[in-house]
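Novice: Let me begin by handing over the structure; questions about it come next.
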Amino acid sequence: MASHQDELVFLPLGGLGEIGMNAALYGFGSEDDRQWILVDCGMGFGGEENLPGIDLVYPDLRFIEEERHNLLGIFITHAHEDHIGALVEMWPRLQAPVYATKFAIGLLETRRLSEPNAPKVDLNEIAPGQRLKLGPFDIEYVPVAHSIPESNALAIRTPHGLVVHTGDWKLDNTPYLGSLTSEETFRALGDEGVLALICDSTNVVREGTSPSESDVSRNLAQLIKDSPHRVAVTTFASNVARIRSVAEAARECGREVIVVGRAMDRVVEVAKECGYLEDLPEFRSAENFGYMPRDKVVAILTGSQGEPRAALARIAQDEHPDIALSAGDRVIFSSRAIPGNEKAVGSIINSLIEQGIEIITDRTELVHVSGHPRRGELAQMYQWTRPRIAIPAHGEPLHLSEHAKFARQQGVKEVIRAKNGSLVRLAPGPAEIVDNIPAGRLYKDGNIVIGAGERALPERRKLAFAGIVTVAIAIDDRGELVGDPVIDAMGLPDKNRQGRDLTDIIADTVADLLDGLPKAKRRDPEAVENAVHRAVRAAVNQEWGKKPACHVLVIEA
Ligand SMILES: [Zn+2]
Ligand SMILES: [Zn+2]
């Protein structure tokens, strides 16, 4: 029974306003005494932002870290990195039981075993379709079609009503492998009465409905069969249906399959354990590639997003220890570049083409289909579930605002355009944003997780833009220079426009300045530092038009 002040709230901490970093809280209770569940704990990729040295980005979960004694559980909808990628890193700060399906747990475990210091996470297996009661929440895993096995929406029942959190989904009645999104189940939820639908916005700007994974599979089979020489297919490592369809196509035309890339090996291992790759010939390992006849092999490769260390990029640079392609071979991109990765993917394509390798992408052939719903599919979901409240999720601001418009067109009365940190009261009363909670990003910097506000990143950007000058000066207690100042510059051009050495110019500037300083002032290291700092930056700016960082070290000799 809901008491008077009990409220049901939704609080996204990541994934609303960006593709990636999905992490959403649901809370129940009075304002100062709420219990929470966290849905997903995903990461983003640093590549698209101006973040030198940062590959991975995590949501800032400090709100729930402080409330962790009230966090009942973490529920993983599916095993894509934008839903589980931050879990291992962030879990020690939360320490709540994690619920996920067998496939997701398998991937988390294999990755943990490959990282020596990774913490042991409290993982609990839950089956698609299973229901679990936890405090005021009754959570049901509802299978949906997506581009990875065992994807689920969550039907979250509370004393204030039923919330459907779709996770990532699409409609596909012939998904080739894995679940389909059941009209019957979602209609039944609609009949039960859906208070709020929190729904995937990724493809809301695309009309119609997506083709089926089975259509992709048929077309891939044809392209593999028609290849005169070697074929390599690159796709998302986690797309087990795609791996399986390539493997079946290979068998049809008497080719053997070679799986290349660590991420792909891990997925194949877990997919086998879960029974998704049964009744297929054994895959061969990469060392065999060079010994096989050109028309008897298909390689499945990682690196479809242009990742520089992945198999495909290394093959394109002819730097892979086992795999080499040559003119007349065919590479199929069974994928689409995630926004931000287009340039990296483009440069790999160009380098393969220069080598006479034939490239096939989804621009000309049906070799990939997205795992997210287009407008036609979204319309169905709204008709089935008939929610009172809609909150667009999983998208950039454009996707979220288009989805909000779309939801209103579908007849939803209350549409809330929430952002990361928006505390949305779903019930009782009309839905509204009642507070804004600190949310943001954390960066994985080498082995350390740093906050977005730390100075390391702006400093690194400055260094990348204008370099650094270091000046070391020794001064004795009478204010006399001991030896000549030592000057070093990094990231600066060698010479100015007239051909004079920049370090010579800096040395002259420092010498002139020190000469001009009264002895009393030279005995004050801080005054010397400030004066040299200013003079060096001004002098370089005059020659170069840019001001480098400048470190002045005064040693009292
Ligand atoms: Zn996904
Ligand atoms: Zn996702």
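Novice: Checking the conditions here, which among 208, 178 is within 16 Å of ligand 2 (Cβ to nearest atom), open to solvent by 10 Å² or more (accessible area, probe 1.4 Å) and touching a residue at least 12 places away in the same chain (Cβ under 8 Å)? First the steps, then the outcome.
Specialist: Details: 208 fails: within 16 Å of ligand 2 (Cβ to nearest atom).
Of 208, 178, the one residue that is within 16 Å of ligand 2 (Cβ to nearest atom), open to solvent by 10 Å² or more (accessible area, probe 1.4 Å) and touching a residue at least 12 places away in the same chain (Cβ under 8 Å) is 178.
Novice: Here is a check on your reading of the model: is residue 140 open to solvent by 50 Å² or more (accessible area, probe 1.4 Å), in contact with a Lys or Arg (Cβ under 9 Å, 6 or more places away or on another chain), more than 16 Å from ligand 1 (Cβ to nearest atom) and of a type outside the set (S, T, N, Q)? Break it down stepwise before answering.
Specialist: Working: open to solvent by 50 Å² or more (accessible area, probe 1.4 Å): no; in contact with a Lys or Arg (Cβ under 9 Å, 6 or more places away or on another chain): yes; more than 16 Å from ligand 1 (Cβ to nearest atom): yes; of a type outside the set (S, T, N, Q): yes.
In short, no.
Novice: What residue, among those in segment 107-120 that are part of a helix (DSSP H, G or I) and open to solvent by 30 Å² or more (accessible area, probe 1.4 Å), is nearest to ligand 2 (Cβ to nearest atom)? Break it down stepwise before answering.
Specialist: Of segment 107-120, the ones part of a helix (DSSP H, G or I) are 107-114.
So of that shortlist, the ones also open to solvent by 30 Å² or more (accessible area, probe 1.4 Å) come out as 109, 111-114.
Working: 109: 21, 111: 18, 112: 21, 113: 25, 114: 23 Å.
Looking at the filtered set, the residue picked out is 111.
Novice: Please verify whether residue 506 is at negative phi, modelled with pLDDT of 95 or more, surrounded by 15 or more Cβ atoms within 10 Å (Cβ to Cβ) and assigned to a helix (DSSP H, G or I), treating the condition exactly as stated.
Specialist: Working: at negative phi: yes; modelled with pLDDT of 95 or more: yes; surrounded by 15 or more Cβ atoms within 10 Å (Cβ to Cβ): yes; assigned to a helix (DSSP H, G or I): yes.
Answer is yes for this residue.
Novice: In addition: Among the numbered criteria (1) modelled with pLDDT of 95 or more; (2) crowded, with 19+ Cβ neighbours inside 10 Å; (3) not in a strand (DSSP E or B), which one does residue 390 miss?
Specialist: Against the list (1) modelled with pLDDT of 95 or more; (2) crowded, with 19+ Cβ neighbours inside 10 Å; (3) not in a strand (DSSP E or B), residue 390 comes up short only on (3).
Novice: Residues that are of a type in the set (D, E, K, R), modelled with pLDDT of 95 or more and touching a Cys at 6+ places or on another chain (Cβ under 9 Å): does segment 128-145 have at least one?
Specialist: No.
Novice: Of all residues in segment 422-443, how many are buried (at least 19 other Cβ atoms within 10 Å of the Cβ) and either over 28 Å from residue 31 (Cβ atoms) or among the β-branched types (Val, Ile, Thr) (or both)?
Specialist: Counting residues in segment 422-443 that are buried (at least 19 other Cβ atoms within 10 Å of the Cβ) and either over 28 Å from residue 31 (Cβ atoms) or among the β-branched types (Val, Ile, Thr) (or both) gives 2.
Novice: Turning to a different aspect of this structure: Which residue, of 83, 165, 78, is in contact (Cβ under 8 Å) with a residue 40 or more places away in the chain, within 16 Å of ligand 2 (Cβ to nearest atom) and open to solvent by 10 Å² or more (accessible area, probe 1.4 Å)?
Specialist: Just a single option satisfies the conditions, and that option is 165.
Novice: Report yes if residue 89 is acidic (Asp, Glu), away from ligand 2 (no atom under 16 Å from the Cβ) and touching a strand residue (DSSP E or B) at 6+ places or on another chain (Cβ under 9 Å), otherwise no.
Specialist: It is true that residue 89 is acidic (Asp, Glu), away from ligand 2 (no atom under 16 Å from the Cβ) and touching a strand residue (DSSP E or B) at 6+ places or on another chain (Cβ under 9 Å).
Novice: Given (1) aliphatic (A, V, I, L, M); (2) in contact with an Asp or Glu (Cβ under 9 Å, 6 or more places away or on another chain); (3) away from ligand 1 (no atom under 16 Å from the Cβ); (4) in a helix (DSSP H, G or I), where does residue 104 come up short, assuming only one miss?
Specialist: All conditions are met except number (3).
Novice: If I go through segment 1-29 residue by residue, how many of them are modelled with pLDDT of 95 or more and over 19 Å from residue 439 (Cα atoms)?
Specialist: Adding up the residues that qualify gives 5.
Novice: Consider residue 371 carefully, then state whether it is within 16 Å of ligand 2 (Cβ to nearest atom), open to solvent by less than 60 Å² (accessible area, probe 1.4 Å), touching a Lys or Arg at 6+ places or on another chain (Cβ under 6 Å) and modelled with pLDDT of 95 or more.
Specialist: Taking the combined requirement at face value, the residue satisfies it.
The values are calculated or read from the model by the stated rules, or taken from the named source; none is laboratory data. All values reported here derive from a predicted model rather than from experimental measurement. Glycine also receives a Cβ, built like all others from the backbone with ideal geometry; neighbour counts cover every protein chain displayed. Side chains included, ligands, DNA and RNA excluded: accessible areas come from the protein's heavy atoms. Shrake-Rupley method; radii C 1.70, N 1.55, O 1.52, S 1.80 Å.
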